[in-house]
Amino acid sequence: MSDCLFCRIAAGEVPADIVYEDEKVVVFKDINPKAAVHLLLIPRLHVASLREVTPEQDELLGYMLRLTAKLAADQGLDEGYRTIINTGPGGGQVIFHLHVHLLGGEGLPGFG
Ligand code: 5GP
Ligand code: ZN
């Protein structure tokens, strides 16, 4: 059994509020939402962070970023949304399985 929390969520070993999944990715609600909509997109493949991404994964990354638009539309975020990828401890990353935060709607904090 993996000791990576997000691998375990992808495998169905840890419960999560999953809103979308396919053969490449799993998307679920953040347990501690920072806005009305706060989803996490993860690849099923364990990649620790953006720093570990290889050229073979370029297509997967593009797929994940493009998917945010469809997910945002499904969530009714017609005015727009924010995507965040925290990388490394200095970037605020806490879970070391690559993930894209998708945030929007009521309560979205200011940035900068
Ligand atoms: P990071 O700081 O690594 O970019 O973001 C990790 C995110 O994972 C945080 O926003 C945190 O709330 C979320 N998170 C941590 N543990 C769990 C969990 O067990 N389930 C879910 N759904 N989200 C989690
Ligand atoms: Zn993992």
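Readers should treat all values here as calculations from the given coordinates under stated rules, not as data from a laboratory. Note that the structure is a prediction, hence the values are computed from the model and not measured. Cβ coordinates were reconstructed from backbone atoms using ideal geometry, including for glycine residues, and neighbour counts include every protein chain displayed.
The dipole here belongs to segment 5-104: it is taken about the Cα centre, uses +1 on the Cβ of Lys and Arg and -1 on the Cβ of Asp and Glu, and is about 260 debye. D by Stokes-Einstein for the chain, Kirkwood Rh over Cα pairs, 37 °C, 0.692 mPa s: 228 µm²/s. For the chain, build the charge dipole from Cβ charges (+1 Lys, Arg; -1 Asp, Glu) around the Cα centre, then report which of LEU50, LEU61, ALA73 sits farthest towards its positive end. Looking along the dipole axis, the top candidate is LEU50.
Express the relative contact order of segment 5-104 as a whole percentage, based on alpha carbon pairs under 8 Å and six or more residues apart in sequence. Relative contact order here is 32 percent. Shown here for segment 43-112: chymotrypsin sites (Phe, Trp or Tyr not before Pro) in loop regions (DSSP other than H, G, I, E, B) with at most 13 other Cβ atoms within 10 Å, namely PHE111. Free of any GluC sites (Glu not before Pro) that DSSP assigns to a loop and that have at most 13 other C-beta atoms within 10 Å, the longest stretch within the chain is 24-78. Name the aspartates and glutamates eligible as straight-distance cross-link partners of LYS29: C-alpha to C-alpha under 18 Å, and not fewer than 8 places from it in the same chain. LYS29 reaches GLU13, ASP17, GLU21, ASP74, GLU106.
Placing a pseudo-label 7 Å from each Cα along the Cα-to-Cβ vector at VAL14 and GLU59 gives an inter-label distance of 2.9 nm. Report the Cα centroid-to-centroid distance between segment 17-68 and segment 96-112 in angstrom, as an integer. Taking the Cα centre of segment 96-112 as reference, the centre of segment 17-68 is 13 Å away.
I need the Kirkwood Rh of segment 34-88: take the reciprocal of the average 1/r across all distinct C-alpha pairs and report it in angstrom.
Numbers: mean 1/r = 0.0794 Å⁻¹.
Value: 12.6 Å, from the Cα pair sum.
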